[in-house]
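J.: One structure, pasted below without further comment.
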Amino acid sequence: MGGGEGRLTAGRRARPDLTTPGLLAPPLAWLAIFFLVPIGIVALYSVNVLDLLPEPHAFTWSAWHSFFSNSIYLTLFWKSVKMSLIVSALVVAVAYPLAYYLALSGTPRKYVLLLVLIAPFLTSYLLRVLAWKVILGDQGVVNTFLFWTGIRSAGHPISALLYSRFAVMLVLGYVWLPFVALPIFVSLESLDTRLLEAASDLGASRWQTFRRVTLPLSIPGVIAAFLFVFIPTVGEFITPSLVGGASGYMYGNQIVDLFGTGFPDWETGSVLSLFLLGVVAALTVVFSRFMRVR
Amino acid sequence: MDRDGVFEKRVTRSKALKVAAAASGAALLAGRGAAAEAAQFQLDAESGRLQVLDWAGYGNDGGQPMFAAYVKAHPNNKPQFTYMTNEADALAKLHAGLKPDLFRPYVGWVKYFATSGLVQPWDTSKISNFKHLNPFMIKAGQYGGKQYGIPEDWGFDAVLYRSDKVKPKAKSWGLLYDERYKGKIAWFDDPVENLTIAGLIFGFKDPWNQTDAELKQSQQFLISKKHLVRTIWSSETDLWQLFGSGDVWIALAWPNDWVQMKKKGLPVVYMHPSVGKQKPIAWVGMFMLLNGTPRPNLAHAYVDAWSSAKSGKWLEDNYGYGHSNTLARPSSSDLLRALQLTNPHAVGLPNAYLDRDVPRRAVYAKLWEEVKAA
């Protein structure tokens with residue numbers, strides 16, 4: 001390094017570099033104002049320090065205590081987690097071959113096909129969910145087809161197709177499939193293909209190459225994809241309220257109802273919200289350990 | 001605020017100055033004419049758009065004929081609507097800082113809001129159509145001898161079913177819990193109604209104020225029957241779609257739902273439960289005036305427009321609800337029969353239980369939420 005460069009560096013050091021803080025400040029402020037502060041407020045509601053109604057109120061853990069002592073809420077949470085896990089696992093399983101084909105088959109139209117994959121997003125989310133009502137109803141496309149083929153007699157439709165857990169999981173899977181395919185696609189596309197060639201040169205079969213090279217290297221994308229589905233669906237409330245019926249009711253619906261449907265119970269609603277947030281945050285931390293490429 | 005709102009505010013401010021000057025002169029005048037003019041001055045002095053917190057369908061989304069007379073008389077103070085999905089939602093909005101001039105809870109909430117400090121009584125002398133309103137419903141809008149609620153729309157909660165598919169064993173609420181129709185039943189998402197109906201079935205002394213043991217029994221009953229339920233509806237259009245598609249054959253419903261399903265050509269019966277002490281539950285919409293509103297006279301004028309016989313007939317013909325104006329009659333004789341509009345006590349005993357204050361509403365709501373979660 002020459003003397004001139006040294007002086008220049010020293011000059012730079014003397015003047016504090018505000019670029020990084022300047023760039024980080026707006027998003028951090030945004031996060032603080034619209035994420036951390038609201039969570040803090042919700043936390044205060046959960047312990048009755050804040051109360052919607054102008055009644056005497058004081059700090060209490062009673063809502064937390066009744067949440068953990070009332071098996072109904074925890075059972076509902078576990079039901080939602082199971083539904084979400086099933087959806088996430090199945091969708092990842094379906095999306096992986098799709099993303100694999102797009103990323104590694106060498107097809108020149110991969111970006112066109114990717115565009116086709118996300119084409120359903122050009123229509124409204126609500127419209128896409130409502131369309132399933134037409135397909136799955138007692139007089140819907142599926143049941144009408146079954147009547148026509150004689151598999152089911154006209155008076156005996158498969159009612160479990162709609163307003164059921166199955167309907168919620170089917171629609172959630174349909175809605176989230178493109179979201180899952182994208183991170184896996186990105187992960188596979190950035191794969192160093194020389195590694196695949198090396199595996200082949202060393203005598204590995206295509207299956208062995210996939211199992212020992214491709215899959216491990218794409219795991220971060222798979223985990224990211226899994227979380228992409230799991231996190232939003234475990235607290236989902238729109239889809240179950242449209243196609244879930246009484247049996248497809250999820251934890252997210254309960255939160256919405258506690259805040260607004262019956263008699264406003266923001267205390268319990270806040271507890272349920274924070275519990276969901278805590279579990280999702282913990283799972284994200286656990287999963288993120290697997291997202292590191294070894 | 002939108003451009004219209006700004007414009008209207010400017011106009012009314014300039015007008016208010018004229019009104020203030022004229023009011024000084026008016027004070028010197030005597031007689032009824034002067035009083036009427038003074039009232040008009042008061043109205044003119046109130047500025048801005050009237051803020052109404054109301055249910056979907058009652059605003060500029062189809063309910064315009066109900067308040068057309070008001071808009072015609074006060075073109076500079078057109079109503080601006082915020083929508084409420086239920087009373088709990090309204091309560092949350094009011095406490096969160098929304099400041100409407102008036103809003104519409106239903107009869108079971110009159111006492112709650114009257115004692116909450118959020119509302120003030122109406123001056124019924126400023127509502128010219130008040131004298132035509134159903135006296136029974138007027139009384140239901142009173143608390144402590146004051147008129148906190150002005151009754152408008154009303155109807156029943158009863159059981160709607162497909163007569164070609166369903167054969168009830170009795171005229172009973174029990175049809176909503178009939179094992180024979182598993183998967184074809186829809187309940188209504190109301191925190192009080194379902195536990196109350198269970199209480200009616202069990203014959204409890206006061207289904208609206210059940211003891212802890214009774215509430216537990218009602219809740220367990222609902223949880224044990226929930227597997228029969230296809231869905232729990234919360235909007236009428238959802239219910240119509242459920243019936244129309246054949247997904248549901250039995251539901252707790254309102255008179256208008258019966259009218260709409262008949263219009264679709266479906267063979268439906270609107271059954272008023274009458275076994276034992278069972279009866280339908282009647283509800284009445286009550287306009288309430290917010291405390292501290294800057295537009296009390298405009299709010300009275302708005303309610304007056306809603307209370308006219310013309311508005312009442314329109315409501316009955318188009319929405320299928322009853323209207324508290326006793327001069328209003330629907331064109332449909334079916335609806336006339338379903339609502340029993342010729343009976344001034346249609347919403348009371350012995351015909352129906354009028355919905356009422358629930359002292360432990362929060363407990364009911366919590367138990368109902370647990371039913372849904374179970």
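J.: Once you keep just the Cα pairs under 8 angstrom separated by 6 or more residues, what percentage relative contact order results for chain A?
T.: Taking the mean separation of contacting Cα pairs over the length of chain A, I get 24 percent.
J.: Let me check against my output: what whole-number percent is the relative contact order of chain B, with C-alpha pairs under 8 Å and at least 6 apart?
T.: About 24 percent, as a whole number.
J.: How are the alpha carbon pair distances in segment B:286-374 distributed across 10 Å bins from zero to the largest one, expressed in percent?
T.: 14, 28, 28, 26, 4
J.: Rounded if a/c is under 1.5, else prolate if a/b beats b/c, else oblate: with a ≥ b ≥ c from the C-alpha gyration tensor eigenvalues square-rooted, which is chain A?
T.: oblate
J.: Right, next: Tell me what chain B gives for mean residue ellipticity at 222 nm when only DSSP H runs of n ≥ 4 count, each as -39,500 (n - 2.57), the sum divided by the residue total, rounded to 500 deg cm²/dmol.
T.: Result for chain B: -12000 deg cm²/dmol, rounded to the nearest 500.
J.: Follow-up. Add -39500 (n - 2.57) for each DSSP H run of 4 or more in chain A, then divide by its residues: what number comes out at 222 nm, to the nearest 500 deg cm²/dmol?
T.: Computed ellipticity for chain A at 222 nm equals -22000 deg cm²/dmol.
J.: What is the average number of partner chain Cβ atoms found within 10 Å of a Cβ in B:91-104?
T.: 2
J.: Using the eigenvalues of the Cα gyration tensor, what equivalent ellipsoid semi-axes result for the protein assembly as shown when each is taken as the square root of five times the eigenvalue, whole Å, largest first?
T.: The three semi-axes for the protein assembly as shown are 53, 37, 24 Å.
J.: Something else now. Give B:262/B:310; A:133/B:184; B:111/B:139; A:82/B:225 a once-over and call out the pairs whose C-alpha atoms are over 20 Å from each other.
T.: Distance filter (> 20 Å) returns B:262/B:310; A:82/B:225.
J.: Just tell me which aspartates and glutamates come within less than 15 Å, Cα to Cα, of residue B:182; anything on the same chain fewer than 8 places away is out.
T.: A:138, B:247
J.: First measure r as the distance between the Cβ atoms of residue B:269 and residue A:285, then evaluate 1/(1 + (r/R0)^6) with R0 = 41 Å and state the FRET efficiency to the nearest 0.05.
T.: The pair residue B:269/residue A:285 has a calculated efficiency of 0.10.
J.: Oh, and also: In vacuo Debye scattering of segment B:224-350, one point per C-alpha: log10 I(q)/I(0) at q = 0.10, 0.12, 0.19 Å⁻¹?
T.: The Debye formula, applied to the Cα set alone, gives -0.43, -0.60, -1.16.
J.: Right, another one. Taking 8 Å as the Cα distance limit and 6 or more residues as the minimum spacing, I'd like the relative contact order of segment A:207-292 as a percentage.
T.: 32
J.: Shifting gears a bit: Kindly state, as a whole number, the per residue volume in cubic angstrom of the convex hull around the alpha carbon atoms of segment B:134-177.
T.: Value for segment B:134-177: 124 Å³ per residue.
J.: Whole number please: convex hull volume per residue, Cα atoms of segment A:28-184, in Å³.
T.: 227
J.: Would you work out if segment A:222-294 is rounded, prolate or oblate? Take a ≥ b ≥ c from the square roots of the eigenvalues of the alpha-carbon gyration tensor; rounded if a/c is under 1.5, else prolate when a/b is larger than b/c, oblate otherwise.
T.: oblate
J.: Once you list every other residue whose beta carbon is under 13 Å from the beta carbon of residue B:112, what net charge do they have if Lys and Arg are +1 and Asp and Glu are -1?
T.: My count for the surroundings of residue B:112 gives 0.
J.: Next question. Is the C-alpha gyration tensor of segment B:102-374 telling us rounded, prolate or oblate? Criteria: a/c under 1.5 is rounded; beyond that, a/b larger than b/c is prolate, otherwise oblate.
T.: Cα axes put segment B:102-374 in the oblate bin.
J.: Do the alpha carbons of any pairs in B:131/B:264; B:131/B:171; B:126/B:279; B:131/B:313 sit beyond 28 Å of each other, and which pairs?
T.: B:131/B:264; B:131/B:171; B:126/B:279
J.: So what J values fall out for segment A:170-181 if you push phi through Karplus, 6.51 cos²θ - 1.76 cosθ + 1.60 with θ = phi - 60°, rounded to Hz, Gly and Pro as x?
T.: 4, 5, 5, x, 4, 5, 9, 3, x, 4, 6, 5
J.: List the aspartates and glutamates whose Cα sits under 16 Å from the Cα of residue B:169, skipping any in the same chain fewer than 8 residues away.
T.: Within the straight-line cut-off, residue B:169 pairs with B:178, B:179.
Every number here is computed from the coordinates shown, using simple stated rules; none is lab data. Small disclaimer: the values here were computed from a predicted structure and weren't measured. Glycine also receives a Cβ, built like all others from the backbone with ideal geometry; neighbour counts cover every protein chain displayed.
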